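Structure, as structure tokens:
The values are calculated or read from the model by the stated rules, or taken from the named source; none is laboratory data. Note that the structure is predicted; figures quoted are calculated from it, not measured. Here the Cβ positions follow ideal geometry from the backbone for every residue, glycine too, while neighbour counts run over all protein chains shown. In case anyone asks, the SASA skips ligands and DNA or RNA and just uses the protein heavy atoms, side chains included. Shrake-Rupley method; radii C 1.70, N 1.55, O 1.52, S 1.80 Å.
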Amino acid sequence: MSSVTQQPFRTAVLVLVWGWLLFLVLTPNLLVVGASVMTRDPGSFLSLPLNLDAYRQLMNPLYLDVFLHSLYMAAMTTLICLLIGYPFAWALTKVGKQRQMLLIFLLIVPFWTNSLVRTYALKLLLATNGLLNNALMSLGIIEEPLRMLYTEGAVIVGLVYLLLPFMILPLYAVFDDLREDLLRASHDLGAGRLATFVHVIVPLTLPGVLAGVMLVLLPAMGLFFVPDILGGSRNLLVGNVIKNQFLDARNWPFGAAASIVLTLAMAFLMFAHRLSKRRIGEDGV
Amino acid sequence: MSRWLPRTYLTLVYVLLYVPIIVLVVFSFNDSRSGYEWGGLSLRWYEALFNNRAMVQAMWNSLWLALSAATVSTMIGALTALALHRYRFRGKKLLNGMLFIVMMSPEIVLAISLLALFLLVGLKLGYVSLLLAHVTFCLPFVVITVMARLSGFDERLPEAARDLGASDFTMTRTVLIPVIMPALVAGWLLGFTLSLDDVVVSTFVSGPSYEILPLRIYSMVRVGLKPEVNALGTLLLVFSLFMLILSQWILLRSRR
Amino acid sequence: MKKLALAGMLAIGLTGCSSEDPQVLNLYNWSEYMPQEVLDRFTEETGIQVVYTTYDSNEAMYARLKLLDESAAYDLAVPSTYYVSKMRQEDLLMPIDRSKIEGFGNLDDDLVNLDIDPDNQYSIPYLWGTTGIAVDTDDVEGEVTAWADLWDERFQGRVMLTNDMREVFHVGLRVLGYSGNSTDPQEIEEAYEKLAELMPSVRTFNSDAPRMPYLEGEADVGMIWNGEAVMGKETMPSLEYVYPEEGIIAWLDSFVIPKNARNPEAAHQFISFVLQPEIAALISEDIGYATPNQAALELLDESVANDRASYPTDADMENAEFQADIGDDALQIYAKFWEMLKSGR
């Protein structure tokens with residue numbers, strides 16, 4: 001490697017990249033940490049003294065309840081995505097290579113369409129006078145329209161709809177890597193279908209599962225517009241709480257503390273993901 | 001059995017994924033004001049859309065923002081990927097980590113942290129704040145796309161160029177850039193779409209001087225069922241479909 | 001290096017802002033609270049473009065104004081009474097130059113020079129209205145005459161409330177026989193408990209367009225603003241506006257100019273424009289709220305002037321209570337219980 005002075009280009013690139021990331025990623029995140037230990041101020045945004053009141057407030061049963069409910073909805077979303085996505089990703093690998101490309105393409109198309117518009121489209125379907133109720137009623141399946149909009153279920157459906165591709169893609173990647181010979185070996189060694197699934201397929205696809213969980217669970221706590229449109233401003237997510245604290249109630253320390261909790265949750269999931277990958281690596285597969 | 005079961009399942013999921021979108025497109029041509037009843041074919045909502053001056057302005061603003069955010073993030077992202085790929089430097093892991101954090105952290109966290117920063121430095125919320133924010137969340141996606149391309153690249157080529165006396169800059173320009181071109185295009189398109197779609201971050205860092213489409217849609221959707229939204233959604237769908245096909249085409253062509 | 005990056009961005013940013021026109025009025029207003037025609041005619045007459053951005057609660061408006069204070073984002077906003085005094089006391093407003101305002105004399109004497117803003121130094125009344133009960137008579141059997149009726153079991157899952165802290169608590173307080181402007185923590189807590197009993201019945205909160213859940217068939221009974229009721233009735237004749245026995249909630253929304261407004265000149269022009277009797281009448285006819293403009297009343301279409309929803313009779317206003325400023329301490333208490341209410345299940 002030649003020295004820095006001989007490589008003005010290298011220096012310029014590194015300065016630009018570091019500058020951008022330090023200024024727009026590291027500093028803002030540190031600011032949020034700082035804000036979370038300051039005091040709410042009605043006049044301005046923040047004031048001294050430093051304290052942990054915001055975190056104490058998070059432990060308040062009221063907010064704990066909101067958090068747990070949000071976590072519950074996000075977990076349900078993740079679980080449903082996983083239940084739909086796991087067999088889906090497996091089924092994808094069973095069709096011809098050419099068709100696989102097309103199917104993946106079709107999976108990504110909705111993701112490239114404005115997510116608000118898609119949420120809104122769901123509202124058209126779920127409304128009391130909406131198309132789903134009309135269809136069910138004209139088929140004679142139900143007598144009275146079901147009240148689906150503005151419920152917890154509607155929020156979960158919306159989140160699943162928006163986030164499903166994020167579960168499927170990493171799962172597809174691991175299933176695609178799954179080598180047939182391993183499965184055959186398992187079979188030859190006398191393992192039944194269930195045993196092969198539990199002892200071979202599940203561990204090997206675990207990194208994909210965790211990546212999918214990571215990509216679904218966290219956004220599912222933050223997408224505040226879904227409860228706004230499908231939840232009737234009830235069934236709030238952590239994202240709604242954070243947004244309210246910053247843009248309505250003006251309690252910045254509390255909003256910042258809530259967002260730090262989200263970040264910690266992310267760190268935890270990332271750690272689990274790495275761990276699962278390493279384990280498989282050590283097993284020599 | 002093992003053939004039709006996966007196929008049926010795939011079909012079912014695709015139907016569920018596409019029903020809302022098809023409904024949206026069909027009802028954008030609905031003459032009736034109601035979102036549920038069919039009142040005949042009409043283009044009136046498209047007309048209403050283009051007669052709404054604020055809406056058209058927001059469209060242009062959004063396009064310009066997405067265009068500039070995608071371009072800036074592609075430039076910086078490509079340089080970052082090259083630096084990560086080629087140079088050994090202190091803090092490389094930290095750099096990688098920061099990019100990963102941006103990509104993984106919930107948008108809302110990024111949004112409030114940037115809002116705090118902009119307020120602290122006194123940056124007026126508007127085009128510039130939106131651009132900085134959008135470039136930041138597009139960046140990691142560009143970096144990953146380009147890195148993927150670089151990882152399959154023959155290391156001897158740049159060495160040969162250097163041996164022939166090319167400077168680092170010249171080598172990058174003449175050897176590396178052409179190699180990563182398809183990834184740049186794909187990354188640019190991804191950034192463009194991400195920017196055009198973003199609601200969460202934009203809600204926090206925009207001001208009235210620069211109204212953008214997603215926020216306009218958000219305020220319309222919150223008011224209730226509006227057929228104009230169907231029309232707008234259909235237009236956006238066609239547009240992103242076009243972009244997506246374009247990017248796939250470019251990627252496929254480059255593989256040959 | 002931060003500076004370097006920033007400078008680069010600014011250079012790019014400048015080209016993006018090149019279309020900035022000095023003759024723009026940034027109007028920050030409630031959703032669907034001004035006919036497009038008025039904005040178009042203003043632009044036609046003065047050449048000033050109006051950028052119309054919306055909010056759905058006083059709290060959101062206030063928070064955003066404070067957030068964008070430095071960047072002088074808005075030239076005109078329309079807070080309700082109690083926020084006018086709050087913002088005035090916090091020095092967030094620019095005094096209105098009365099010499100630039102034409103038609104102030106047209107305003108109803110009862111609605112000017114109020115306690116919230118003595119001598120109207122900072123605010124000019126725009127519209128006043130009421131928050132009452134909406135009933136979809138097609139789907140609701142029997143009479144609904146009082147706020148207390150919302151607690152009736154038959155309305156399980158069919159009630160809509162406005163997404164407005166003060167209004168919702170106003171209802172709770174009135175049902176208990178207290179003032180809707182109570183500052184007594186004990187009373188507020190009681191109101192919270194009363195409202196918590198209502199929550200299982202509540203289907204949605206909406207302050208963007210409170211008529212929509214009724215029109216969409218999601219809710220059959222609940223709170224609504226009178227103008228929304230009038231607009232809703234046009235598409236759904238079965239939507240009735242009811243003055244509850246406990247008394248209606250009355251409010252007044254006024255134009256204010258934020259202290260750092262970039263184009264106060266245009267803001268003054270716009271206020272004068274809206275104060276013209278013809279324009280004020282057009283607004284009232286179009287969106288169904290009552291104009292405080294006495295000269296405009298004479299121009300109103302018969303059907304609008306006689307619409308009890310828009311212009312209540314003296315009997316309708318018997319127990320009416322105007323929303324008043326209750327101070328920051330009480331607001332904090334309300335805010336706490338409001339969050340508890342909305343997050344409770």
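Quick notes on this structure:
- Solvent-accessible surface (1.4 angstrom probe) belonging to A:Thr93, in square angstrom, nearest 10: 40 Å²
- Per-residue SASA entry for B:Thr71, accessible area with 1.4 Å probe, Å² rounded to 10: 60 Å²
- Within the stretch C:83-165, the GluC sites (Glu not before Pro) that combine a DSSP coil assignment with at most 16 other C-beta atoms in a 10 angstrom radius are C:Glu90, C:Glu102, C:Glu141, C:Glu143.
- Angle between chain C longest axis and helix C:36-46 axis [Cα atoms, degrees, rounded to 10]: 20 degrees
- Summarising the strand pairing of chain C, around 60 percent of its internal DSSP beta bridges are antiparallel.
- Equivalent ellipsoid semi-axes - Cα gyration tensor, the stretch A:60-284, angstrom: 35, 26, 15
- Residues within the reach of a label modelled at B:Met103 (point 7 angstrom out along Cα to beta-carbon, backbone nitrogen below 12 Å), restricted to the stretch A:15-35: there are none.
- Projected onto its three principal axes, the C-alpha set of the stretch B:1-41 covers 47, 13, 12 Å, listed from the longest axis down.
- Calculated Rg and Dmax of chain C using C-alpha coordinates, Å: 21.1, 72
- B:Arg86-C:Glu245 pseudo-label distance in nm [points 7 Å out on the Cα-to-Cβ vector]: 8.3 nm
- Computed over the stretch B:73-153, the percent of Cα pairs more than 21 Å apart is 36.
- Over 30 Å [Cα-Cα, chain B], rounded percent: 44 percent
- Gain on full extension, evaluated as 0.36 nm per residue between A:Leu79 and A:Asn51 minus their Cα-Cα distance, stands at 6.3 nm.
- Length gained on full extension, A:Leu146 to A:Asp176: 6.7 nm, using 0.36 nm per residue less the C-alpha separation.
- Accessible area of A:Arg147 in the full protein assembly, 1.4 Å probe (Å², nearest 10): 90 Å²
- Cα long-axis angle, helix C:58-67 against chain C (0 to 90 degrees, to the nearest 10): 20 degrees
- When chain B is treated as a Gaussian network with alpha carbon springs shorter than 10 Å, the biggest mean-square fluctuation among B:Leu123, B:Leu190, B:Leu110 belongs to B:Leu123.
- Helix B:127-151 vs. chain B, principal-axis angle (Cα, 0 to 90°, nearest 10): 60 degrees
- Zone residues, the stretch C:88-109, relative to C:Arg41, backbone N less than 18 Å from point 7 Å out along Cα-to-Cβ: C:102-104, C:106-107
- R0 of 25 Å, Cβ-Cβ distance C:Thr313-C:Glu234: FRET efficiency to nearest 0.05: 0.70
- Accessible area, probe 1.4 Å, largest first, for residues C:Ile116, A:Ile242: C:Ile116, A:Ile242
- In the elastic network of chain A, a GNM with C-alpha springs shorter than 10 Å, the most mobile of A:Leu62, A:Leu24, A:Leu92 is A:Leu24.
- A 1.4 Å probe over all protein chains sorts C:Ser99, B:Ser195 by accessible area into C:Ser99, B:Ser195, starting with the largest.
- Under 20 Å from the A:Lys97 label point (7 Å along Cα→beta-carbon), backbone N, the stretch B:228-256: B:248-256
- Dimensions (Å) - the stretch B:1-152, Cα atoms, principal axes, largest first: 65, 57, 25
- Extension reserve of the B:Phe242-B:Met181 stretch, reckoned as 0.36 nm per residue once the Cα distance is removed: 20.0 nm
- Percent accessible area from carbon and sulfur atoms, the protein assembly as shown, protein chains only, probe 1.4 Å: 61 percent
- For the protein assembly as shown, share of DSSP beta bridges that run antiparallel, in % to the nearest 5: 60 percent
- For peptides B:75-87, A:228-240, sequence by mean Cβ density within 10 Å, most packed first: A:228-240, B:75-87
- Residue by residue along B:122-133, Cβ atoms of other protein chains within 10 Å of the local Cβ number 5 on average.
- Summing +1 for each Lys or Arg and -1 for each Asp or Glu among the other residues whose beta-carbon sits under 14 angstrom from that of C:Glu302 gives -3.
- Mean Cα-pair separation over length for the stretch A:60-284, i.e. relative contact order, pairs under 8 Å, 6 or more apart, %: 27 percent
- Where A:Tyr172, C:Tyr28 fall by accessible area, highest first, once all protein chains stay in place (1.4 Å): A:Tyr172, C:Tyr28
- Summarised as an ellipsoid, the protein assembly as shown has semi-axes of 49, 33, 26 Å, derived from the eigenvalues of the Cα gyration tensor scaled by 5 and square-rooted, with the largest first.
- Most mobile listed residue (A:Pro145, A:Pro219, A:Pro165) in chain A, GNM with C-alpha springs under 10 Å: A:Pro145
- The stretch B:5-70: projected area of the alpha-carbon convex hull, averaged over directions, in nm²: 7.3 nm²
- Note on C:Asp91 and C:Gln332: their simple-model spin labels are 2.1 nm apart, each label 7 Å out from Cα toward Cβ.
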